[in-house]
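The values are calculated or read from the model by the stated rules, or taken from the named source; none is laboratory data. Predicted model, so just to flag it, every value in this text is computed and none were measured. Here the Cβ positions follow ideal geometry from the backbone for every residue, glycine too, while neighbour counts run over all protein chains shown. These accessible areas exclude ligands, DNA and RNA; they are computed on the full protein's heavy atoms, side chains included. Shrake-Rupley method; radii C 1.70, N 1.55, O 1.52, S 1.80 Å.
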Amino acid sequence: MKMRVLKILHWLISAVALYIVCKDIDWTTLAQHIVGANRLWLTGAVLLTILSYFLRSYRWIFLFPEDTLS
């Protein structure tokens, strides 16, 4: 029961924080900026972000080799 209450509390805090951050955003202006953005730059940014996540996850193989874990 205690774990369930904590999980609900975590979700509630996250929802309140998300509301506070997003309440003053002008969504139509944001959408116009996204639509008007250069697609080449957006594609490059997304691909580089994905690549960085893969490289960061691959790095853990060197930090914690399998033969040293037991």
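Descriptive notes on the structure:
- Computed P(r) (all Cα pairs; the chain; 5 Å bins; percent): 3, 12, 9, 9, 10, 15, 18, 13, 7, 4, 1
- Shown for the chain are the DSSP H helices of 24 Å or more along their axis, judged by Cα atoms, with a mean Kyte-Doolittle hydropathy of at least 0.0: 2-22, 39-63.
- For the chain, accessible area per residue (1.4 Å probe, heavy atoms of protein chains only), Å²: 102
- Linear extension gain, Ala37 paired with Tyr53, 0.36 nm per residue minus alpha-carbon span: 3.4 nm
- Förster radius 35 Å - calculated FRET efficiency between Asp26 and Met1 (Cβ-Cβ, nearest 0.05): 0.25
- Expressed as a whole percent, the accessible surface of the chain that belongs to carbon and sulfur atoms is 73, based on a 1.4 Å probe.
- Accessible area per residue (1.4 Å probe, heavy atoms of protein chains only) ranks Ile25, Ile61 as Ile61, Ile25, with the largest value leading.
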